[in-house]
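Here the structure comes first, spelled out in structure tokens, and everything after it is commentary.
No value in this document is a laboratory result; all are computed from the given coordinates. Keep in mind it's a predicted model, so treat the numbers as computed, not measured. Cβ placement follows ideal geometry from the backbone for every residue including glycine, while neighbour counts extend to all protein chains displayed.
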Amino acid sequence: MTVAVYPGTFDPLTCGHMDIILRTTPLVERLVVGIYENPGKRPLFSLDERVRLVEKAIANVSNVEVRAFKGLTVEFIRQVGGKVMIRGLRANSDFEREFEMALMNRKLAPEVELLCLMTSSQYQFLSSSLIKEVAQLGGCLEGMVPEHVAVALKEKFTTPVGFAVGRGEA
């Protein structure tokens, strides 16, 4: 059985992430979306919230499961019986970072193969940090994140930026 792992923080899940997930599922018997509890970052969504958002997005995809993890990604891949790590690439800058990580992961876990998929052109500009900025400023997220993620983002940013609460000042 070919088990692949698509690791990331998914803070939040974007349509670019979903593109990679849906294009990977026909290639493997089981895909584990590993949601990383990154202590070095300050995520907008808690680990549990991120897991729930991804679970809702993949609810109709039979060979995908969502699991939270911490520690080394290659150790998580071993724990779930994975043989392949999935990564999405948007631009040259992604390639350089992924190449460095691939070399380190090859050293740590030579039995784990890396499979990089080019993000579909309509999602190449998407990043979770850009999505959070657009959401914080009240911009339209249609076509950038699943609808339930857009709702969750709007709930996180209920007070418009630049407005003082309760005093009517800008």
Among beta bridges assigned by DSSP with both residues in the range 17-154, the antiparallel ones amount in percent, to the nearest 5, to 0 percent
Kindly rank 80-88, 9-17, 122-130 from highest to lowest mean number of other beta carbons found within 10 Å of each residue. 9-17, 80-88, 122-130
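Quote the FRET efficiency, to the nearest 0.05, computed for GLU49 versus MET1 with a Förster distance R0 of 35 Å and r equal to the Cβ-Cβ distance.
That pair, GLU49 with MET1, gives E of 0.70.
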From the residues ILE20, ASN38, VAL66, which one has its Cα farthest along the dipole of the range 3-156 in the positive direction, the dipole being from +1 and -1 charges on Cβ of Lys/Arg and Asp/Glu about the Cα centre? ASN38
Let me know the volume per residue of the alpha-carbon convex hull for the range 74-150, in Å³. 120 Å³
Computed over the chain: longest principal axis from alpha-carbon atoms vs helix 92-108 long axis, angle to nearest 10 degrees, is 50 degrees
For the pair VAL151 and ALA68, the simple spin-label estimate (label points 7 Å beyond Cα toward Cβ) gives in nm 2.2 nm
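Using a Förster distance of 22 Å, how high is the FRET efficiency between LYS83 and ARG23, based on the Cβ-Cβ distance and rounded to 0.05?
The value I calculate is 0.75.
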Per-residue Cβ neighbour rank within 10 angstrom, fewest leading, ILE58, ILE35: ILE58, ILE35
Cα centroid of the range 106-158 to Cα centroid of the range 28-94, whole Å: 13 Å
Cα-based Debye curve of the range 3-156 sampled at q = 0.09, 0.17, 0.18 Å⁻¹ gives log₁₀ I(q)/I(0) of -0.27, -1.01, -1.14
